[in-house]
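Student: Have a look at this one.
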Amino acid sequence: NGEIFISISPYKKLIGFITLVVLAVFLTACGEDETTRTFEAEQNGIATTLEYTAKGDKVTKQTTENVIEYELAGIESKEQAKELFEPMTEQFQNIDGITHKLEYDDTKAIESLVIDYEAVDFDEIMDLPGMTFSEDPKKNGISMEKSADMLVSQGFKEVK
């Protein structure tokens, strides 16, 4: 009397289990840890530091800093540096996902470029100076491993 019996069919158990597995895979993919790798090189008076942030092999953000020593780069003055670099600097302005600035002092210029690959429109950046993609980044994103291999082949050293 007053006894309630609840029966869960085997199908409902299976659907519940599949839902849990799908949810676990989704949460694992979403929760994939970000890693950061840094590379440095110096050529022709320009010291470059590249920092990549990636989830798995997919680069999500790239930060570049170039320190350009006028004398070592064959630039005579701060004014000459501005004349050389301002036309390039303008190309990087007003693009969603890109922050670019160039600061000048008496002996060097410091360029900072941040690219948020999750926010940038690749069609807008394909023709910008320094942008090189071995594959279509709209389809596959930017590979951390391929980027690292390319940088090392160009003389960059990874900073651990």
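The values are calculated or read from the model by the stated rules, or taken from the named source; none is laboratory data. This structure is a prediction, so every number in the text was calculated from the model and none was measured. In this analysis, Cβ positions are derived from the backbone assuming ideal geometry, glycine residues included, and neighbour counts consider all displayed protein chains.
Student: Select the strands (runs of 3 or more DSSP E) contained entirely in the stretch 30-118, then report the ones holding at least 2 residues which are among the charged types (D, E, K, R) and surrounded by fewer than 16 Cβ atoms within 10 Å (Cβ to Cβ).
Tutor: Those strands (runs of 3 or more DSSP E) span 34-43, 58-69, 98-104.
Student: Continuing with the same structure: For the stretch 19-61, name all the residues that are among the aromatic types (Phe, Trp, Tyr) and modelled with pLDDT of 65 or more.
Tutor: Of everything in the stretch 19-61, those that are among the aromatic types (Phe, Trp, Tyr) and modelled with pLDDT of 65 or more turn out to be PHE39, TYR52.
Student: On the given criteria, is GLU124 among the charged types (D, E, K, R), surrounded by fewer than 17 Cβ atoms within 10 Å (Cβ to Cβ) and at pLDDT 90 or above?
Tutor: No, not satisfied.
Student: I've got another one for you. Scan the stretch 29-51 and report the pairs whose first residue is within 21 Å of GLY155 (Cβ to Cβ) and whose second residue is in a helix (DSSP H, G or I) and at pLDDT below 95, with Cβ atoms within less than 7 Å and a gap of 6+ or a chain change.
Tutor: Once the first residue is within 21 Å of GLY155 (Cβ to Cβ) and sits in the stretch 29-51, its partners that are in a helix (DSSP H, G or I) and at pLDDT below 95 give ARG37/MET144; ARG37/ALA148; PHE39/LEU151; ASN44/ALA73; GLY45/LEU72; GLY45/ALA73; ILE46/ALA73; LEU50/LEU151.
Student: If you scan the stretch 127-160, which residues turn out to be of a type in the set (Phe, Trp, Tyr) and modelled with pLDDT under 90?
Tutor: The answer is PHE133, and nothing else.
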